Amino acid sequence: MKEMAVSEQPREKCTRYGAQSLSDAELLAVILRTGTKDLSALHLAQTFLAQKDKGLLNLIHLTADEMLNISGIGQVKAAQLKCIAELAVRIAQASRIKEVRLNDPETVAFYYMESLRHEPREKLLLAMFDAKSNLLGDTVISVGTVNHALVSPREIFLKALEYRAVHIVLLHNHPSGDPSPSEADIHVTSRVSESGSILGIALADHIIIGDNRYVSFRENGLLGQRKGT
């Protein structure tokens, strides 16, 4: 970037005018810091953003190995970029955690939206709440194939008991982007709900995450509904 005017260098531009003045490529260039002998950091950032025509979503969608296939990105830069993606997800969650309310499925769905909607395989999360409906924590129960998550009620309730949860919410994503529940989703929800009733741990909801949309079993009257009914 030495051949560029100082006023045009991303880091100098950031210092003078603030990070909000930078383009997506300029922001990445500041993080990357260096390019190659043939490419400036800015050109490297532009090359990165052009992959698969996904722009900034490449931070999430590209694996570290795929990043390594881009000339100028080694293991350190790939790790930095994946960390940025994870920070973005955690910032989105941190800004919403105080808004999460057990009786409001939308707040729960959007708290987990960014961490689930880009997943290439189905991932089942368990969110646990206390008697006052405060979020105690969450954990990944299973990671499945493209269209099936492996569900173990035993593992779900062992974890809920460990956290002393009174209410639980299941969340999983549909990689297709369509959150419509399948018959298998309805069947699993019924099994978990029945098991929770025996143990005194209520299944408050099962939320399926799509691409910026969701389906709540609670909102749609599907809790406890059996397969085929």
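Determine whether residue 115 is in a strand (DSSP E or B), under 21 Å from the mean Cα position of the chain (by Cα) and surrounded by 14 or more Cβ atoms within 10 Å (Cβ to Cβ).
The answer is no for residue 115.
Taking the residues in the stretch 94-106 that are surrounded by fewer than 16 Cβ atoms within 10 Å (Cβ to Cβ) and part of a helix (DSSP H, G or I) as candidates, determine which candidate is modelled with the highest pLDDT.
Residue satisfying both the conditions and the ranking: 106.
Any residue at all in the stretch 126-135 that's touching a Ser or Thr at 6+ places or on another chain (Cβ under 9 Å), under 24 Å from residue 88 (Cβ atoms) and buried (at least 19 other Cβ atoms within 10 Å of the Cβ)?
yes
So the check is Cβ under 6 Å with 6+ separation or different chains; which pairs have a first residue in the stretch 15-42 that's polar (S, T, N, Q) and a second one that's outside any helix (DSSP H, G or I)?
36/72; 40/1
Restricting attention to the stretch 43-57, which residues are free of Cβ contacts under 8 Å to residues at least 40 places away in the same chain and surrounded by 13 or more Cβ atoms within 10 Å (Cβ to Cβ)?
43, 44, 45, 46, 47, 48, 49, 50, 51, 54, 55, 56
Please indicate, with yes or no, whether at least one residue in the stretch 159-173 is among the aromatic types (Phe, Trp, Tyr) and touching a Gly at 6+ places or on another chain (Cβ under 7 Å).
The answer is yes; a qualifying residue exists.
Checking the condition of a type in the set (A, V, I, L, M), in the same structural domain as residue 129 (by TED's automatic domain parsing) and within 19 Å of residue 140 (Cα to Cα), which residue from 170, 199 passes?
Details: 199 fails: within 19 Å of residue 140 (Cα to Cα).
Sole residue among the options that is of a type in the set (A, V, I, L, M), in the same structural domain as residue 129 (by TED's automatic domain parsing) and within 19 Å of residue 140 (Cα to Cα): 170.
So which residues in the stretch 1-25 are part of a loop (DSSP other than H, G, I, E, B), modelled with pLDDT of 90 or more and surrounded by 12 or more Cβ atoms within 10 Å (Cβ to Cβ), if there are any at all?
Within the stretch 1-25, 22, 23 qualify.
Which of the following residues is on the phi < 0 side of the Ramachandran plot and of a type in the set (S, T, N, Q): 115, 133?
Being on the phi < 0 side of the Ramachandran plot and of a type in the set (S, T, N, Q) holds for just one of 115, 133, which is 115.
So which residues in the stretch 34-53 are in a loop (DSSP other than H, G, I, E, B) and either under 17 Å from residue 86 (Cβ atoms) or among the aliphatic types (A, V, I, L, M) (or both)?
The answer is 39, and nothing else.
Given 70, 141, 60, which one is under 29 Å from residue 185 (Cα atoms), in the same structural domain as residue 35 (by TED's automatic domain parsing) and surrounded by 15 or more Cβ atoms within 10 Å (Cβ to Cβ)? Walk me through how you get there before you give the answer.
Details: 70 fails: under 29 Å from residue 185 (Cα atoms); 141 fails: in the same structural domain as residue 35 (by TED's automatic domain parsing).
Going through 70, 141, 60 in turn, the sole match is 60.
Under 7 Å by Cβ, and 6 or more places apart or on different chains, what pairs join a residue from the stretch 75-90 that is under 21 Å from residue 117 (Cα atoms) with one that is of a type in the set (Ser, Thr, Tyr) and buried (at least 16 other Cβ atoms within 10 Å of the Cβ)?
89/115
Considering only the stretch 61-88, state which residues are of a type in the set (A, V, I, L, M) and within 15 Å of the chain's Cα centre (by Cα).
So in the stretch 61-88, the residues of a type in the set (A, V, I, L, M) come out as 62, 64, 67-68, 70, 73, 76, 78-79, 81, 84-85, 87-88.
Correct list: 62, 84, 85, 87, 88.
Please indicate, with yes or no, whether at least one residue in the stretch 26-33 is part of a loop (DSSP other than H, G, I, E, B), at pLDDT below 95 and farther than 30 Å from residue 220 by Cβ.
Yes, the conditions are met somewhere in the stretch 26-33.
The values are calculated or read from the model by the stated rules, or taken from the named source; none is laboratory data. This structure is a prediction, so every number in the text was calculated from the model and none was measured. Cβ sites come from the backbone with ideal geometry, for glycine too, and all protein chains shown count toward neighbours.
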